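> Let me begin by handing over the structure; questions about it come next.
The values are calculated or read from the model by the stated rules, or taken from the named source; none is laboratory data. Predicted, not measured: the structure shown is a model, and the values here were computed from it. In this analysis, Cβ positions are derived from the backbone assuming ideal geometry, glycine residues included, and neighbour counts consider all displayed protein chains. All accessible areas refer to the heavy atoms of the entire protein, side chains included, with ligands and DNA or RNA removed. Shrake-Rupley method; radii C 1.70, N 1.55, O 1.52, S 1.80 Å.
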Amino acid sequence: MWVRTQCTLDFDIGVPTPFVLMLRPRSGAQQWIAREEYRLEPSVPVFEYTDNYGNLCQRLVAPQGPFRISTSAEVMTADWVDGAPGAPFVEIQNLPDSVLDYLLPSRYCESDRFHEMATEITANFQPGYDQVAAIVEWLRNNISYRPGSSSVPMSATEVNSRRIGVCRDLAHIGIALCRSLSIPARMVVGYLSGLVPMDLHAWFEAYVGGRWYTFDATQPELHSGYVAVGYGRDAADVAVYSQFGPVVYPKAQTVRVENLRA
């Protein structure tokens with residue numbers, strides 16, 4: 001499946017402001033970036049680096065005045081999202097070193113507080129993929145997905161208390177529940193074809209059966225058209241932009257995802 005992603009952010013900068021952006025998807029097993037465009041208006045020097053999670057990040061200083069960031073990409077995504085019911089739990093001693101960070105509690109995923117709850121949710125399921133699927137089903141039935149219901153990230157404990165949240169909030173509690181069972185889980189931010197209302201999207205992946213699998217409690221079922229841009233422990237690691245100095249918010253943000261061809 002081919003999709004075109006587009007994201008435009010418009011700022012009004014009061015004083016020269018350092019930014020770190022995370023807006024470039026990378027090619028991998030589930031997606032291939034065939035064409036990409038990245039524009040800054042006005043043009044400024046940009047320095048790119050790869051962070052600790054393999055994400056492509058761009059450093060720049062935005063000048064005073066109007067500042068626009070425009071990105072687009074043509075991406076070939078998998079025709080379907082892989083699932084693997086019955087895929088086994090991977091014992092900790094057999095996990096790759098690169099996965100171990102995703103077992104630990106993090107700022108928005110306090111997994112050390114969820115073991116009893118996760119054990120109850122998954123009591124009748126085989127360790128591994130089936131436990132994660134049970135967690136996702138519990139989220140769909142118990143946490144109300146409501147776009148626009150929160151403007152700042154909520155931690156898993158806050159989401160569990162409120163029982164309502166946006167996509168990143170549901171991902172946080174899903175990740176915390178998985179990690180509490182010693183299943184590595186990570187946050188993903190990017191795009192999803194057909195998302196309503198259209199916006200940047202967040203979901204999570206869990207490591208079972210020797211690889212990462214996609215899970216998304218906000219959708220009735222998984223379908224093609226996911227484009228990953230950033231991976232991390234939680235929302236603190238995958239902000240599409242971080243700015244430093246006096247707080248500045250986008251005056252406008254536009255996100256589009258268009259299906260191109262089969």
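> Across the stretch 178-188, which residue is surrounded by the fewest Cβ atoms within 10 Å (Cβ to Cβ) among those that are assigned to a helix (DSSP H, G or I) and not small (Gly, Ala, Ser)? Give the derivation first.
Applying the first criterion (assigned to a helix (DSSP H, G or I)) to the stretch 178-188 yields 178-180.
After this cut, where a residue has to be not small (Gly, Ala, Ser) as well, the list is 178-179.
Numbers: CYS178: 30, ARG179: 27.
Among those that are assigned to a helix (DSSP H, G or I) and not small (Gly, Ala, Ser), it is ARG179.
> ALA171: touching a Lys or Arg at 6+ places or on another chain (Cβ under 9 Å) and modelled with pLDDT of 95 or more, yes or no? Outline the logic, then answer.
On the way: touching a Lys or Arg at 6+ places or on another chain (Cβ under 9 Å): no; modelled with pLDDT of 95 or more: yes.
When the stated conditions are applied, ALA171 does not pass them.
> Quick one: in the stretch 229-257, which of the residues that are outside any loop (DSSP other than H, G, I, E, B) and out of contact with any strand residue (DSSP E or B) (no Cβ under 6 Å at 6 or more places or on another chain) is nearest to TRP203 (Cα to Cα)?
Going residue by residue through the stretch 229-257, those that are outside any loop (DSSP other than H, G, I, E, B) are 229-232, 235-237, 241-243, 252-257.
If we keep only those that are out of contact with any strand residue (DSSP E or B) (no Cβ under 6 Å at 6 or more places or on another chain) too, we end up with 235-237.
On the way: ALA235: 10, ALA236: 14, ASP237: 14 Å.
Within the stretch 229-257, the match that is nearest to TRP203 (Cα to Cα) is ALA235.
> Same structure, new question: Of the conditions (1) modelled with pLDDT of 95 or more; (2) within 25 Å of PHE125 (Cα to Cα); (3) of a type in the set (A, V, I, L, M, F, W, C), LEU40 fails just one. Which one is it?
So the condition that LEU40 fails would be (2).
> For the subset of the stretch 88-115 comprising residues that are among the polar types (S, T, N, Q) and touching a residue at least 60 places away in the same chain (Cβ under 8 Å), which member is farthest from ASP234 (Cα to Cα)? Step through it out loud before you land on a result.
Pass one, the stretch 88-115, residues among the polar types (S, T, N, Q): 93-94, 98, 106, 111.
Adding the requirement that they be touching a residue at least 60 places away in the same chain (Cβ under 8 Å) leaves 106, 111.
On the way: SER106: 7, SER111: 12 Å.
Step by step, filter the stretch 88-115, then rank; the result is SER111.
> Please pick out the residue among GLN58, GLN30 that is on the phi < 0 side of the Ramachandran plot and open to solvent by 40 Å² or more (accessible area, probe 1.4 Å).
Unique residue meeting the criteria: GLN30.
> If ASN52 satisfies all but one of (1) in contact (Cβ under 8 Å) with a residue 60 or more places away in the chain; (2) part of a loop (DSSP other than H, G, I, E, B); (3) not small (Gly, Ala, Ser), what's the number of the condition it fails?
Among (1) in contact (Cβ under 8 Å) with a residue 60 or more places away in the chain; (2) part of a loop (DSSP other than H, G, I, E, B); (3) not small (Gly, Ala, Ser), ASN52 violates only (1).
> Applying the selection to the stretch 121-133, what residues are of a type in the set (A, V, I, L, M, F, W, C), more than 14 Å from PRO220 (Cα to Cα) and either open to solvent by less than 50 Å² (accessible area, probe 1.4 Å) or at pLDDT below 95 (or both)?
Matches in the stretch 121-133: ILE121, VAL132.
> Tally up the residues in the stretch 221-244 that are modelled with pLDDT of 95 or more and exposed (fewer than 15 other Cβ atoms within 10 Å of the Cβ), please.
3
> Oh, and also: Kindly indicate whether any position in the stretch 69-82 is over 30 Å from SER182 (Cβ atoms) and loosely packed, with under 15 Cβ neighbours inside 10 Å.
Yes, because at least one residue in the stretch 69-82 is over 30 Å from SER182 (Cβ atoms) and loosely packed, with under 15 Cβ neighbours inside 10 Å.
> Scan (1) closer than 20 Å to GLY190 by Cβ; (2) part of a strand (DSSP E or B); (3) not charged (D, E, K, R) for the single condition TRP80 breaks and write down its number.
Here TRP80 meets the rest and fails (2).
Per-residue answers, yes or no, for (1) within 27 Å of ALA29 (Cβ to Cβ); (2) among the acidic types (Asp, Glu); (3) open to solvent by less than 50 Å² (accessible area, probe 1.4 Å); (4) not in a helix (DSSP H, G or I):
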residue: VAL136; (1), (2), (3), (4): yes, no, yes, no
residue: SER151; (1), (2), (3), (4): no, no, no, yes
residue: ASN160; (1), (2), (3), (4): no, no, yes, no
residue: ARG168; (1), (2), (3), (4): yes, no, no, no
residue: HIS172; (1), (2), (3), (4): yes, no, yes, no
residue: ALA176; (1), (2), (3), (4): yes, no, yes, no
residue: GLY190; (1), (2), (3), (4): yes, no, yes, yes
residue: GLY194; (1), (2), (3), (4): yes, no, no, yes
residue: TRP203; (1), (2), (3), (4): yes, no, yes, yes
